[in-house]
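Asks: Once you've had a glance at the structure underneath, I'll fire off some questions.
The values are calculated or read from the model by the stated rules, or taken from the named source; none is laboratory data. Fair warning: this is a prediction, and the values are worked out from it, not measured in the lab. Here the Cβ is made from the backbone with ideal geometry for all residues, glycine too, and neighbour counts use every protein chain on show.
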Amino acid sequence: MTAFLAVLRRDLQLGVREGGALGTALGFYLVVIAILPLGLGPDLDLLQRISGGVLWIGLLLSSLLSIDRLFAHDLEDGSLDVLMSGALPLELVVTAKAIAHFLVFGLPLVLFAPLLGLMLNFPLPASGVLVGTMALGAPAVSFVGAIGAALTLPVGRGGLLLALLMLPFFIPILIFGIATLNASLGGPGSAATPALILTALTLAALVLAPFAAAFALRVQFRG
Amino acid sequence: MTDVGAPTVSALSVARLSCHRGGQLVLDDVTFRVAAGDAVLLLGPNGVGKTTLLRVIAGLLRPSSGSVTLDGIEAMADPPPSRAFMHIFGPQNGLKSTLTVRENLSFWQRFLGEEDDADACDAALRSFGLDDLAELPVSVLSTGQRRRAGLARLIAVSRPIWLLDEPNHGLDADSRRALADAVRAHVYDGGMSLIATHSEVEAGPVRRLQLGAGQLDVRDADSGVPA
């Protein structure tokens, strides 16, 4: 447990000290959302209708922007060799790193979303619902992204490849995230069903992704 | 620095080890044995497989055939029981540049040793002359200072087997001596060191294993006695 917390704490510490990466992710999110109304025109009804989906897509893309470096830094400075030779199973190392990624990148992006929503005429009173549904899905993005980061590790800057590889896994998160949001904003149907499925997706990612990512790392390394 | 309470290993055996890298046979039927208290220099020209051999022993690479055993226990099993016994120190130093030297060391202590031992950390810093640099972020250190900060991990966390890959690289004469002293103290305490190098490590009596064309000349280069 000490070792697990040590990895978590170190990655949080690094995330805070290397604030540039978070700034880039937040800036990217801002750019994606800010250019949209300019492209679509000032139709407030249209913007409000698509705002939930667009905010979710922006969250996903901004989150992916940082996750391709999840293991790359540790590979470059030699830490990964030592992380792989500790007593802590590699699956738990991956878990700690993915949790840290969610806390350092996912959570700030989620909290930033209502602010960006203003640009899309997203109803301000619904901010709580927006943050809630995103907080439910964002951990899954970090954990599924970790699989992609492990798979694309030898490629170097494998950001796009990662998104391409993991696309099928992100689609359900996106669909049920947006469905939960729309249903709770008065859309047809109950919000409980998509929310439960989204929760199930996140829980499954939490449990399964570390095994997949650790397996991918081992295969790459041990040949 | 002492191995009190740390797991001990009395022998590391490498038997008929072969390994392919990128379709090429790098290690061909390598067999040798290292006992507690041995410091072994692994010599040979570039590309002969020194790093590969160390990484296979550490369980980071899978050999094509052969085995590595610690006191007769297979070290290649999954998960490898060797995890708690070895330090692997490669060409990179395993340091985070935005953390201070002390933060880096205490992270490795908590990760590898499950406890944050400030005394061991101080001892490690002292033995590589890093007392004054402890609170500086690694990013402002010179190449040699980073190397020393990386090496300090070996002392901060006690493990019986040291696998060092070109540890002298980037070190000045004083630091080389500090490294040699550390290796000597480690093997004196019943540890073992396997050092891939081009330059000397003056760690007292050492065995030399010469790797050539994937084959290990299993002779003690000093005495000519089969190892």
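Asks: Does B:F32 satisfy the condition of being in contact (Cβ under 8 Å) with a residue 60 or more places away in the chain and within 11 Å of chain A (Cβ to nearest Cβ)? Full working, then the answer.
Replies: Working: in contact (Cβ under 8 Å) with a residue 60 or more places away in the chain: yes; within 11 Å of chain A (Cβ to nearest Cβ): no.
For B:F32, the condition - in contact (Cβ under 8 Å) with a residue 60 or more places away in the chain and within 11 Å of chain A (Cβ to nearest Cβ) - is not met.
Asks: Pick out, from the stretch B:5-63, the strands (runs of 3 or more DSSP E) lying fully within it that include 2 or more residues that are farther than 24 Å from B:G190 by Cα and in contact with a Pro (Cβ under 6 Å, 6 or more places away or on another chain). Even if it seems obvious, please write down each step before you answer.
Replies: Details: elements: B:11-21, B:24-35, B:39-43.
Qualifying strands (runs of 3 or more DSSP E): B:11-21.
Here's the yes/no breakdown for (1) at the interface with chain A (Cβ under 7 Å from one of its Cβ atoms); (2) at pLDDT 90 or above:
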{"position": "B:P45", "(1), (2)": "no, no"}
{"position": "B:R62", "(1), (2)": "yes, no"}
{"position": "B:L70", "(1), (2)": "no, no"}
{"position": "B:I73", "(1), (2)": "no, no"}
{"position": "B:P79", "(1), (2)": "yes, no"}
{"position": "B:F89", "(1), (2)": "no, yes"}
{"position": "B:E103", "(1), (2)": "no, yes"}
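So that you can scan it fast, the table gives a plain yes or no per residue for (1) at pLDDT 90 or above; (2) in contact with a strand residue (DSSP E or B) (Cβ under 8 Å, 6 or more places away or on another chain):
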residue	(1), (2)
B:L125	yes, no
B:G129	no, no
B:R146	yes, no
B:H169	no, no
B:V206	no, yes
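Asks: Quick test for you: out of A:T95, A:T133, A:T152, pick the one residue that is of a type in the set (S, T, Y) and modelled with pLDDT of 95 or more. Write out each step before concluding.
Replies: Values: A:T133 fails: modelled with pLDDT of 95 or more; A:T152 fails: modelled with pLDDT of 95 or more.
That would be A:T95, the only listed residue that is of a type in the set (S, T, Y) and modelled with pLDDT of 95 or more.
Asks: Do you know which residues across the stretch B:88-120 are touching an Asp or Glu at 6+ places or on another chain (Cβ under 7 Å), among the hydroxyl-bearing types (S, T, Y) and not in a helix (DSSP H, G or I)?
Replies: Across the stretch B:88-120, the qualifying residues are B:T98, B:T100.
Conditions (1) farther than 25 Å from B:D38 by Cα; (2) surrounded by fewer than 20 Cβ atoms within 10 Å (Cβ to Cβ); (3) of a type in the set (D, E, K, R), marked per residue:
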position: B:G90; (1), (2), (3): no, no, no
position: B:N93; (1), (2), (3): no, no, no
position: B:E115; (1), (2), (3): yes, yes, yes
position: B:A123; (1), (2), (3): no, yes, no
position: B:L136; (1), (2), (3): yes, yes, no
position: B:S139; (1), (2), (3): yes, yes, no
position: B:S158; (1), (2), (3): no, no, no
position: B:P167; (1), (2), (3): no, no, no
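Asks: Filter the stretch B:105-120 down to the residues that are of a type in the set (G, A, S) and farther than 18 Å from A:R17 by Cα, then identify the one that is nearest to the other protein chains (Cβ to nearest Cβ).
Replies: Residue satisfying both the conditions and the ranking: B:G113.
Asks: Return the residue satisfying two criteria in turn: it lies in the stretch A:15-57 and is within 14 Å of chain B (Cβ to nearest Cβ) and either surrounded by 18 or more Cβ atoms within 10 Å (Cβ to Cβ) or touching a Phe, Trp or Tyr at 6+ places or on another chain (Cβ under 8 Å) (or both), and of such residues it is farthest from A:F112 (Cα to Cα).
Replies: Within the stretch A:15-57, the first condition is being within 14 Å of chain B (Cβ to nearest Cβ), and the residues that meet it are A:15-22.
This time we only want the ones that are either surrounded by 18 or more Cβ atoms within 10 Å (Cβ to Cβ) or touching a Phe, Trp or Tyr at 6+ places or on another chain (Cβ under 8 Å) (or both), so: A:15, A:21-22.
Working: A:G15: 17, A:A21: 15, A:L22: 12 Å.
The selected residue is A:G15.
Asks: Let me ask something else. Which residue is farthest from B:L12 (Cα to Cα), if the candidates are limited to the stretch B:121-151 and must be in a helix (DSSP H, G or I) and within 13 Å of chain A (Cβ to nearest Cβ)? So that I can check it myself, show each step before the final result.
Replies: Let us first name the residues in the stretch B:121-151 that are in a helix (DSSP H, G or I), namely B:121-127, B:131-133, B:138-140, B:143-151.
With within 13 Å of chain A (Cβ to nearest Cβ) added as a condition, the list becomes B:138-139, B:146-147, B:149-151.
Working: B:V138: 34, B:S139: 37, B:R146: 30, B:R147: 27, B:A149: 27, B:G150: 24, B:L151: 22 Å.
My answer is B:S139.
Asks: Return a yes/no flag: does the stretch B:103-121 have any residue that is among the aromatic types (F, W, Y) and in contact with a strand residue (DSSP E or B) (Cβ under 8 Å, 6 or more places away or on another chain).
Replies: Within the stretch B:103-121, none of the residues are among the aromatic types (F, W, Y) and in contact with a strand residue (DSSP E or B) (Cβ under 8 Å, 6 or more places away or on another chain).
Asks: Right, here's the next one. Could you say whether any residue in the stretch A:3-13 is touching a residue at least 60 places away in the same chain (Cβ under 8 Å), within 25 Å of A:A183 (Cα to Cα) and either more than 14 Å from every other protein chain (Cβ to nearest Cβ) or crowded, with 19+ Cβ neighbours inside 10 Å (or both)?
Replies: No, that holds for no residue.
Asks: Only one residue in B:A173, B:A149 is on the phi < 0 side of the Ramachandran plot and surrounded by 20 or more Cβ atoms within 10 Å (Cβ to Cβ). Which one? Don't jump to the end; show me each part of the working.
Replies: Details: B:A173 fails: surrounded by 20 or more Cβ atoms within 10 Å (Cβ to Cβ).
The unique qualifying residue is B:A149.
Asks: Related question: Among the residues of the stretch A:114-123, which ones are over 10 Å from A:S51 (Cβ atoms) and of a type in the set (A, V, I, L, M)?
Replies: Let us first name the residues in the stretch A:114-123 that are over 10 Å from A:S51 (Cβ atoms), namely A:114-115.
Correct list: A:L115 only.
Asks: Within the stretch A:117-139, which residues are among the hydrophobic types (A, V, I, L, M, F, W, C) and without any contact (Cβ under 8 Å) to a residue 24 or more places away in the chain? First the steps, then the outcome.
Replies: Restricting attention to the stretch A:117-139, the residues satisfying the condition of being among the hydrophobic types (A, V, I, L, M, F, W, C) are A:118-120, A:122, A:124, A:126, A:129-131, A:134-136, A:138.
Passing the criteria: A:L118, A:L124, A:V131.
Asks: Has the stretch B:193-202 got at least one residue that is at pLDDT 90 or above, assigned to a loop (DSSP other than H, G, I, E, B) and either surrounded by fewer than 23 Cβ atoms within 10 Å (Cβ to Cβ) or more than 17 Å from the chain's Cα centre (by Cα) (or both)?
Replies: No, because not a single residue in the stretch B:193-202 is at pLDDT 90 or above, assigned to a loop (DSSP other than H, G, I, E, B) and either surrounded by fewer than 23 Cβ atoms within 10 Å (Cβ to Cβ) or more than 17 Å from the chain's Cα centre (by Cα) (or both).
Asks: Name the one entry in A:A149, A:A140, A:A135, A:A179 that is touching a Leu at 6+ places or on another chain (Cβ under 9 Å), of a type in the set (A, V, I, L, M, F, W, C) and more than 18 Å from A:L201 (Cα to Cα).
Replies: Of A:A149, A:A140, A:A135, A:A179, the one residue that is touching a Leu at 6+ places or on another chain (Cβ under 9 Å), of a type in the set (A, V, I, L, M, F, W, C) and more than 18 Å from A:L201 (Cα to Cα) is A:A149.
Asks: Being touching a helix residue (DSSP H, G or I) at 6+ places or on another chain (Cβ under 7 Å), at pLDDT 90 or above and of a type in the set (A, V, I, L, M, F, W, C) is the filter here; which residues of the stretch A:6-21 pass it?
Replies: A:A6, A:V7, A:L8, A:L12
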